[in-house]
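The values are calculated or read from the model by the stated rules, or taken from the named source; none is laboratory data. Please read all numbers here as calculations on a predicted model, not as lab measurements. Note that each Cβ is placed from the backbone with ideal geometry, even for glycine, and that neighbours are counted across all protein chains shown. Ligands, DNA and RNA are excluded from the accessible area calculation, which covers all protein heavy atoms including side chains. Shrake-Rupley method; radii C 1.70, N 1.55, O 1.52, S 1.80 Å.
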Amino acid sequence: MNTPNLFTPVRLGAMEAPNRIVMAPLTRMRAGPGRVPTPLMAEYYAQRAAAGLIVSEAVAISQQGTGCPNTPGIYTAAQVAGWQRVTEAVHQAGGRIFLQLWHMGRISHPSFQLDGGLPVAPSAIAPRTGQVLTENGMQPYVTPRALKKEELPGIVAQYAAGAERAKTAGFDGVEIHNANGYLLDQFLRDGTNQRKDEYGGPVRNRARLTLEVTDAVAQVWGADHVGIRFSPGGVFNDMHDSNPLATFSHVLHELNRFKLAYAHLIVSTKDDLEHGAVPVPLAALRKEFHGPLIIANGFTYATATQGLAEDMADAVAFGRLFIANPDLPERFRLNAPLNALEEATLYGGAKKGYTDYPAMGPQLVIR
Ligand SMILES: Cc1cc2nc3c(=O)[nH]c(=O)nc-3n(C[C@H](O)[C@H](O)[C@H](O)COP(=O)(O)O)c2cc1C
């Protein structure tokens, strides 16, 4: 087989993506009241429809799963209707879009919870660093409440219900958010999971909730429409694990039983490693997971092309480059200059820094 590059089509489960340039999930905090996706969000995603696959920003599966202002949900009829506008716009523009299923667990705050209750987590352990952005500004984290074992089927049911509603909303599939220190990552790692029941202790127990959620979501969609995202070396949201290589090797290996559309790994950059991230060799994880692999974090056209040529992964996700360049695949193809990212408009606001990054003008074709 010829060496694949970013423009080689790739099969991700049931989907044939026309290129290997994935738009990474990106929280932009521009949902409307009631966490309803807006027409502006439809425009934003449709502008980026040339991606082989768009993964939506993280989407709360329940009120309990929320913990950040102006992020969208998928637990009310109005939210489903809002997402229908988004998926229609993306499909009309020729694209494909998965919804990222999100429960924030302990990274929430009582002000987001029903009746001001405590956020939930595997164990009553608060993040040691950082603060939570609430509707009333930054607040310290509270110590979450440990979920009772009897409550865990309800958590699985929240993911299944989110998956079901994503189907109604017209998505092409769903990505389970098991990365970046949110609920499923909190269960998976021994720094945040100190449970004494069969959901805590050895890694086969800590991975149980991830596997149950994957099973439930795969029953809704068919496993070939389901992806899952991990951040094996990440320390964001005060994550730590005594043996991340063993943890992530185990869970990726166990996921083979489902034949998922893909696994999506956030790799650690040199800069991340200098700031506390833990080195977890990608090659080892690639061996454990037998399905399509997407990698993300800090990739450029050159490093992504090299990564595909070296078979590090089957596709590469781009985050910040896609924010600033709605027509990123075309710019890559033409080796055209890239727009610079504006940090100040990443989170919240309206059009500025969202839908007003310019696409290239019509190209002069010289034959
Ligand atoms: C503004 C912003 C929002 C993000 N939101 C999410 C998110 O909702 N879900 C997620 O899994 N990762 C999220 N990430 C991480 C990105 O998906 C991606 O892994 C990261 O930006 C590194 O890739 P890049 O160097 O190509 O930007 C976010 C990153 C940024 C910069």
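Quick rundown of the values:
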| quantity | calculated |
| --- | --- |
| Failed item, numbered, when L99 is tested on (1) of a type outside the set (F, W, Y); (2) at positive phi; (3) assigned to a strand (DSSP E or B) | (2) |
| Qualifying strands (runs of 3 or more DSSP E) (wholly inside segment 104-190; at least 1 residues being within 16 Å of the ligand (Cβ to nearest atom) and not small (G, A, S)) | 131-134, 173-177 |
| Single residue of E288, E310 found to be modelled with pLDDT of 95 or more, over 20 Å from I54 (Cα atoms) and open to solvent by 70 Å² or more (accessible area, probe 1.4 Å) | E310 |
| Test: residue in segment 41-60 that is open to solvent by 10 Å² or more (accessible area, probe 1.4 Å), away from the ligand (no atom under 14 Å from the Cβ), within 29 Å of Q113 (Cα to Cα) and not in a helix (DSSP H, G or I) | no |
| One residue from R85, R28 being in a loop (DSSP other than H, G, I, E, B) and among the basic types (K, R) | R28 |
| Check on N243, open to solvent by 30 Å² or more (accessible area, probe 1.4 Å), of a type in the set (S, T, N, Q) and closer than 29 Å to V132 by Cβ | yes |
| Segment 255-272, subset in a helix (DSSP H, G or I) and over 23 Å from L26 (Cβ atoms), residue farthest from the ligand (Cβ to nearest atom) | R257 |
| Out of L285, L341, L321, sole residue that is within 11 Å of the ligand (Cβ to nearest atom), in contact with a helix residue (DSSP H, G or I) (Cβ under 9 Å, 6 or more places away or on another chain) and part of a helix (DSSP H, G or I) | L321 |
| Residue in segment 192-205 that is surrounded by fewer than 24 Cβ atoms within 10 Å (Cβ to Cβ) and closer than 17 Å to S231 by Cα present | yes |
| Residue satisfying all of: in segment 222-254; closer than 25 Å to V59 by Cα and of a type in the set (G, A, S); farthest from the ligand (Cβ to nearest atom) among these | G222 |
| Residues of segment 302-318 that turn out to be among the hydrophobic types (A, V, I, L, M, F, W, C) and assigned to a helix (DSSP H, G or I), as a count | 4 |
| Qualifying positions in segment 313-353 - among the charged types (D, E, K, R) and buried (at least 17 other Cβ atoms within 10 Å of the Cβ) | D314, D327, R331 |
| Residues of segment 327-338 classified as closer than 21 Å to A93 by Cα and either small (G, A, S) or in a helix (DSSP H, G or I) (or both), total | 7 |
| From the options V10, V36, V86, residue that is more than 16 Å from the ligand (Cβ to nearest atom) and more than 24 Å from L265 (Cα to Cα) | V36 |
| Per-region count, segment 88-115, residues in contact with a Gly (Cβ under 7 Å, 6 or more places away or on another chain) and surrounded by 24 or more Cβ atoms within 10 Å (Cβ to Cβ) | 8 |
| Within segment 256-285, tally of residues that are under 19 Å from N180 (Cα atoms) and buried (at least 17 other Cβ atoms within 10 Å of the Cβ) | 13 |
| Extreme residue, surrounded by the fewest Cβ atoms within 10 Å (Cβ to Cβ), among residues of segment 62-72 that are of a type outside the set (S, T, Y) and within 13 Å of the ligand (Cβ to nearest atom) | N70 |
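Matching residues to (1) on the phi > 0 side of the Ramachandran plot; (2) under 21 Å from the mean Cα position of the chain (by Cα):
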| site | (1), (2) |
| --- | --- |
| Q64 | no, yes |
| T71 | no, yes |
| A89 | no, yes |
| S108 | no, yes |
| D115 | yes, no |
| S123 | no, no |
